[in-house]
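Note sheet for the following structure.
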Amino acid sequence: MKRLNNSSVAAIRKRAVSLVLALAVLALLIPFGAIAASSARASLAFAPPPAGNAPNLENASFWAHGSINEAYAAGLVPSALQSAYTQAVTRAEFSALAVALYEKLRGEIMERSFFDDVSDVNVQKAAAVGVVDGVGDGKFDPDSPLTREQAATMLARLAAAAGNHLPRRAATFSDNSDISSWALDAVGQVQAAGIMDGMGGNMFLPEESYTREQSIVTIMRTYYVIGGAAAIPDPEPPPEPTTTPSPDINNTNARVNGIALGNSKAEVQAIIESIGTSIVPEQFGDWILYSNPAHTYLSLVRFTGDRADKIYAINGDWDLAILGASGVLTEYIDVRGGNAVYAVLFEASRTNEALPFNDTITFALVNAFRVRHGATPLNYNAQLYSAAQAHSKDMNDNNFMNHFSSSGQGPAERITAAGYRWTDWGENITMGSNSAEILHRWVLSNDGHRELLYDTRYVDAAVSTYFGSRNYTTLKVAAPWR
């Protein structure tokens with residue numbers, strides 16, 4: 001038998017005997033549901049700044065503390081804007097925030113556009129990529145206070161310049177008639193995306209000055225919404241196989257983590273006991289999860305009657321050639337780590353039936369992938385579960401997908417409100433996947449979603465899915481205050 005190598009990023013490939021298929025999940029990331037275009041991406045995971053290296057929030061409004069901390073940790077707040085948060089932001093200052101976000105996502109802006117009344121390089125960069133423009137006669141008016149409708153226009157342009165156009169929807173504020181015609185579309189876009197809200201009484205107040213803290217909060221929300229990755233078109237789905245092989249369930253070498261198709265429950269239990277690593281079975285309908293506390297062993301087995309007819313495994317032993325000749329094999333491949341197979345699904349026949357889906361299985365899969373990368377398993381924490389559960393339900397009930405709650409609460413504020421005292425934290429969210437797909441989509445991600453799974457700073461975790469029309473999932477990871 002062959003022990004698989006550790007993996008870095010995974011793709012999925014299906015093989016039925018000699019037929020090799022490219023599974024469409026390879027290029028998929030998670031869409032943003034109702035608030036964004038279908039090709040938009042879920043947001044990055046963030047952690048707060050290290051202890052002793054946090055921004056001074058003494059004169060910031062309480063509601064902005066979480067976003068300022070997150071933006072500071074992400075390197076999005078220029079030093080000149082790390083004070084006087086309630087002060088009106090200028091057009092030049094907002095340009096600096098916009099450039100910080102653009103360059104974090106897309107790299108340094110090399111082009112420049114010039115104005116007669118300003119030499120600020122951030123203004124020149126922002127103008128070069130189309131985020132800002134002048135006020136006429138070759139002037140920019142850098143020190144003029146930014147208005148709310150100007151901010152909305154710059155934020156919509158920033159998202160587009162970064163490769164993620166915001167959804168086009170009409171603004172629904174009671175003072176729509178006061179919004180300038182050149183800004184009306186952008187105001188509708190940032191409202192639909194959850195980036196900018198009204199100021200009370202469903203009023204947008206387009207000519208009101210925008211503050212530094214409002215700017216930082218909405219820059220951070222833009223970061224969350226556009227997600228740190230350009231939109232990638234979904235690939236064409238692969239062709240389905242024309243035939244399904246009949247497995248040789250008598251091939252005793254066709255085993256996944258010691259288990260063969262056709263084994264009875266008693267036979268599988270005997271195999272598990274012979275391994276001797278404290279494996280505890282947990283039953284979920286027709287499926288049984290076999291895993292140990294160290295998460296070095298994980299197998300999910302479905303029984304029809306008393307016989308195993310599906311085996312999913314991560315972190316184990318198998319021989320791909322033997323499996324492929326003995327049944328229907330799905331291989332989960334590490335495309336950035338030597339194309340090693342890090343997980344398999346072995347079936348007696350292809351049924352396209354989804355793997356089981358619940359919080360226990362998702363948590364076990366996350367820990368198994370984490371252990372595969374040399375990190376210790378995360379401990380389940382009830383307070384983090386409460387925060388994750390509440391956010392998944394909120395996204396379902398209010399039909400949105402964002403790290404900010406429907407009331408504007410950020411990820412750090414959620415776990416604090418749940419009673420968890422933290423020094424580091426992170427969060428992943430997704431929708432519309434089952435347990436294995438959630439893991440594989442986060443693994444496929446080339447941004448913070450994947451790294452969060454095995455970041456060694458984290459000690460505690462919880463994951464919760466709210467089962468509704470879209471199955472929203474929130475994973476919370478954190479390190480406790482010591």
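Taking (1) open to solvent by less than 50 Å² (accessible area, probe 1.4 Å); (2) over 30 Å from the mean Cα position of the chain (by Cα) in turn, Ser177 satisfies each apart from (1). Would you check if there is a residue in region 417-425 being open to solvent by 10 Å² or more (accessible area, probe 1.4 Å), basic (Lys, Arg) and within 19 Å of Arg457 (Cβ to Cβ)? There is at least one residue in region 417-425 that is open to solvent by 10 Å² or more (accessible area, probe 1.4 Å), basic (Lys, Arg) and within 19 Å of Arg457 (Cβ to Cβ). Between Glu331, Glu282, which is touching a residue at least 24 places away in the same chain (Cβ under 8 Å), part of a strand (DSSP E or B) and surrounded by fewer than 18 Cβ atoms within 10 Å (Cβ to Cβ)? Checking each option against the conditions leaves just Glu282. Does Val366 satisfy the condition of being open to solvent by less than 50 Å² (accessible area, probe 1.4 Å), in contact with a Leu (Cβ under 7 Å, 6 or more places away or on another chain) and of a type in the set (A, V, I, L, M, F, W, C)? The answer is yes for Val366.
Here the condition is being exposed (fewer than 14 other Cβ atoms within 10 Å of the Cβ) and either under 29 Å from the mean Cα position of the chain (by Cα) or of a type in the set (D, E, K, R) (or both); of Glu149, Glu108, Glu93, it holds for Glu108 alone. Counting only residues that are more than 20 Å from His403 (Cβ to Cβ), in a loop (DSSP other than H, G, I, E, B) and touching a residue at least 24 places away in the same chain (Cβ under 8 Å), region 169-198 holds 8 of them.
Quick check on Ala354: is it open to solvent by less than 20 Å² (accessible area, probe 1.4 Å) and either in a loop (DSSP other than H, G, I, E, B) or out of contact with any helix residue (DSSP H, G or I) (no Cβ under 6 Å at 6 or more places or on another chain) (or both)? Criteria not met by Ala354. Within region 186-213, the set of residues being of a type outside the set (Ser, Thr, Tyr), on the phi < 0 side of the Ramachandran plot, open to solvent by 20 Å² or more (accessible area, probe 1.4 Å) and over 28 Å from the mean Cα position of the chain (by Cα) comprises Met199, Met203, Glu207, Glu208. The set of residues in region 293-321 being surrounded by fewer than 18 Cβ atoms within 10 Å (Cβ to Cβ) and out of contact with any Pro (no Cβ under 9 Å at 6 or more places or on another chain) consists of Thr296, Thr304, Gly305, Asp306, Arg307, Asp317, Asp319, Leu320, Ala321. For Lys139, the criteria (1) open to solvent by 60 Å² or more (accessible area, probe 1.4 Å); (2) in contact with a helix residue (DSSP H, G or I) (Cβ under 9 Å, 6 or more places away or on another chain); (3) basic (Lys, Arg) hold in every case but one, which is (2).
One residue alone among Gly198, Gly136, Gly163, Gly194 is in contact with a Phe, Trp or Tyr (Cβ under 7 Å, 6 or more places away or on another chain), more than 22 Å from Asn69 (Cα to Cα) and modelled with pLDDT under 95, and that residue is Gly198.
The values are calculated or read from the model by the stated rules, or taken from the named source; none is laboratory data. Being a predicted model, the structure only gives us computed values, none of them experimental. We place every Cβ from the backbone using ideal geometry, glycine too, and count neighbours over all the protein chains shown. These area figures cover heavy atoms from the full protein model, side chains too; ligands, DNA and RNA do not enter into them. Shrake-Rupley method; radii C 1.70, N 1.55, O 1.52, S 1.80 Å.
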